[in-house]
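K.L.:
Following this message is one structure expressed as structure tokens.
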Amino acid sequence: MTASLATLPPSVCVRTGATLTVTFDKSPGGVGGPGPWTIPPHAVEDPTILGLSSHSQRGHLLTAVLVATTPGSTTVSAHFDEECSGPQTTPCTIPPQNTISVNVMVSQ
């Protein structure tokens, strides 16, 4: 599945033991220009429910492969710096970081 700033945070349901691949796309919809992914670039709110198996970055995309381990609900998010865009000469007033989130429910 793909999540971006251009859409509302998606929700997905998976079964215990399933693998979920989420591609975060920071290119559309931000206030400023998307900067680099933060370190670490992603977070799982409750890692006992959903574990990160691997991730990769390519340009504006961050792909996370997650494994559903325990029933429950959690949020997976990706974080990146946001930079001023255009010919702005005054100090940038946009938030310095932006987040893309996915709500995940794991069932038996």
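K.L.:
Search the range 4-17 for residues that are at negative phi and outside any loop (DSSP other than H, G, I, E, B) and pair each with any residue that is among the aliphatic types (A, V, I, L, M) and surrounded by fewer than 13 Cβ atoms within 10 Å (Cβ to Cβ) when their beta-carbon atoms are under 7 Å apart and the residues are at least 6 apart or on different chains.
P.N.:
Val12/Met1
K.L.:
With Thr75, Thr70, Thr89 as the choices, which residue is of a type in the set (Ser, Thr, Tyr), at pLDDT 95 or above and more than 17 Å from Val22 (Cα to Cα)?
P.N.:
Values: Thr75 fails: more than 17 Å from Val22 (Cα to Cα); Thr89 fails: at pLDDT 95 or above.
Result: Thr70 is the single residue among Thr75, Thr70, Thr89 that is of a type in the set (Ser, Thr, Tyr), at pLDDT 95 or above and more than 17 Å from Val22 (Cα to Cα).
The values are calculated or read from the model by the stated rules, or taken from the named source; none is laboratory data. Computed from a predicted structure; not experimentally measured. Positions of Cβ are backbone-derived with ideal geometry, glycine not excepted, and every protein chain shown enters the neighbour counts.
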